[in-house]
Amino acid sequence: MRASTFVLVAVALAATAGPVRADEGAVLGVVRSRQAEAHVPTAWSEVYGREIDLWVREAGRAGLSFHVVGDVELSEGHSTFDAVVVAFPDFDDPRSVPRFQALVEQARRVLLVGGAFRSSSAVERLRVACGAQAFELLPSTTARLAVLKGRSFLAAEVAPGALLEVRAGLPAFVTSSPHALAWYAGADLEPFEAGRGVEGSAAVVGFTCGGAEVVWSGFPLSALARDGARAAQADAVVANLVSWLSGQPWLGRAPWRDDRSLAIVLAVDVGAPLATASELVPVLDAARVRGSFRVDPRVGAGPELLASLARVGEVEGPMPAEAAPALRPLRGDRDDCDLLTATGGGPATAVVPRLVDDVALTERLGGLYVLGLHPACLLQQERLSAITLFLATTKQFPAWFATRGEVGAWQRARAAVVVTRAAGGFRVTNTGPIALASFPLVSYRFGADDLAQLGRRGLFLPRDDGGTTFVLDLNAGDEVFLPVSGR
């Protein structure tokens, strides 16, 4: 396998990048285009430089040697690279356009960041050649949220359902695409972009161009807010892109148990009349779904009912703080009473399409969905058919139906597993006190020989995003080395 090389299109020079060598064998090439920088509007004059500084810095952290390519080399050079990154692609010099196209056509992976601020023949030719959609500048410069497609390499090791913030006052481009890796969203995830719909609010898209994989981000990655808890998520997204560009194998933890796409929790309030809770038991039993029961101590639930509830779920008691999951549902807990009110007093089954839409969105983003059920609302005997229909429909999703305690236990177990890159492969360590059976790991860019070796250690299955799920048994304190050479 030949050495992996790639180009980062950059503005920053060697002051931040280190010594420059005109070496075609450099692992990383950094192209500085003063043409592109000159076309960035004055209001965003520093954006280009910050974006390039980001990629130069991250390349250094990854230990990749690099070569800086300027406009002259872009016009006259003959080097080829495995991957190319272009910030605000805008090359109108007749000499640079064919060179730029040649770099893209010869690359295996191409990352485009931001859109062109004016018409660019290079960008237009790339669109025609690759069939890529046009990015357009969003009119608002206020802060906006970006939500990642949960089942994608871009979201690997990012907290399930994490919301990323693109800082206010910085450019953000949007496109329409069925191949989105991220979308723009409001704080409540609705609407995505007014009048555009979900697919019309794509913030990051992925597509193929000839033999190359292409990712086009509509916002500069340096524009991601890195305050508080969002810092780790932003850093993970950038690290995932660096790993993808390098072409090196990657291994991490699956977001959910059994590598499911989302988790669903039924949070059931047990109150008067108690008959409503007991009538829910056969519904959950038939669907093979477990519930999280919050018992009001004032209603005097007897031991027989409590035993029945425990058989089909988890009886939390009034203050289940220690069992609460660490993750926040994407939209907070959904309340059945609120949804019934929103339907205007129609039949209870009228809420089911709205609930299913909720679950579909949560699956897309790979998050946690919590549905609250109450005695005065869907738990009434004449409305239980709505719950039956909801369960029958959502069982078609690749969802993990869990209790709050199970979600919390999974998060603790997942946090105890540490995956580190080592010479010749990866080291997986269970730092926790509990043995973990069938712990799911996710890999990308593993070769056929790697998968054959893994098959001797555990089960592996292909994912729908080009990766592979690998299931491994880990005893408490286990440290397992997995040799990996890559494709």
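Taking Pro89 as meeting all but one of (1) free of Cβ contacts under 8 Å to residues at least 60 places away in the same chain; (2) part of a loop (DSSP other than H, G, I, E, B); (3) buried (at least 20 other Cβ atoms within 10 Å of the Cβ), write down the number of the exception.
(1)
Checking Leu379 against (1) crowded, with 20+ Cβ neighbours inside 10 Å; (2) assigned to a strand (DSSP E or B), which single condition isn't satisfied?
Unmet for Leu379, out of (1) crowded, with 20+ Cβ neighbours inside 10 Å; (2) assigned to a strand (DSSP E or B): (2).
Is it fair to say Glu157 is in a loop (DSSP other than H, G, I, E, B), farther than 26 Å from Gln101 by Cβ and at pLDDT below 85?
Considered against the rule, which asks whether it is in a loop (DSSP other than H, G, I, E, B), farther than 26 Å from Gln101 by Cβ and at pLDDT below 85, Glu157 comes out as no.
Hey, can you tell me all the residues within region 440-461 that are among the small types (Gly, Ala, Ser) and closer than 17 Å to Ala156 by Cβ?
Within region 440-461, Ser443 is the sole residue that qualifies.
Quick one: how many residues across region 360-393 are of a type in the set (Lys, Arg) and within 33 Å of the chain's Cα centre (by Cα)?
Adding up the residues that qualify gives 1.
Residues of region 284-304 being over 12 Å from Glu314 (Cβ atoms) and among the small types (Gly, Ala, Ser), which ones?
Correct list: Ala286, Ala287, Gly300, Ala301, Gly302.
Please verify whether region 68-90 includes one or more residues that are at pLDDT below 70, over 24 Å from Val215 (Cβ atoms) and assigned by TED's automatic domain parsing to the domain that holds Arg127.
Yes, because at least one residue in region 68-90 is at pLDDT below 70, over 24 Å from Val215 (Cβ atoms) and assigned by TED's automatic domain parsing to the domain that holds Arg127.
Which residues, counting only those in region 108-129, are at pLDDT 80 or above and not charged (D, E, K, R)?
Val110, Leu111, Leu112, Val113, Gly114, Gly115, Ala116, Phe117
Tell me yes or no: at least one residue of region 355-366 is buried (at least 18 other Cβ atoms within 10 Å of the Cβ), assigned by TED's automatic domain parsing to the domain that holds Leu280, in a loop (DSSP other than H, G, I, E, B) and at pLDDT 90 or above.
Taking every residue of region 355-366 in turn, at least one turns out to be buried (at least 18 other Cβ atoms within 10 Å of the Cβ), assigned by TED's automatic domain parsing to the domain that holds Leu280, in a loop (DSSP other than H, G, I, E, B) and at pLDDT 90 or above.
Exactly one condition in (1) part of a strand (DSSP E or B); (2) modelled with pLDDT under 90 is not met by Ala203; state its number.
(2)
Out of the residues in region 314-339 that are at pLDDT 85 or above and touching a Lys or Arg at 6+ places or on another chain (Cβ under 8 Å), which is farthest from Ala413 (Cα to Cα)?
Leu339
Looking at (1) in a loop (DSSP other than H, G, I, E, B); (2) in contact with a strand residue (DSSP E or B) (Cβ under 8 Å, 6 or more places away or on another chain), which is the one condition that is false for Thr80?
Failed condition: (2).
The values are calculated or read from the model by the stated rules, or taken from the named source; none is laboratory data. Just so it is clear, the structure is predicted and the values come from calculations on it, not from any experiment. All Cβ positions, glycine included, derive from the backbone under ideal geometry; neighbour counts span all protein chains shown.
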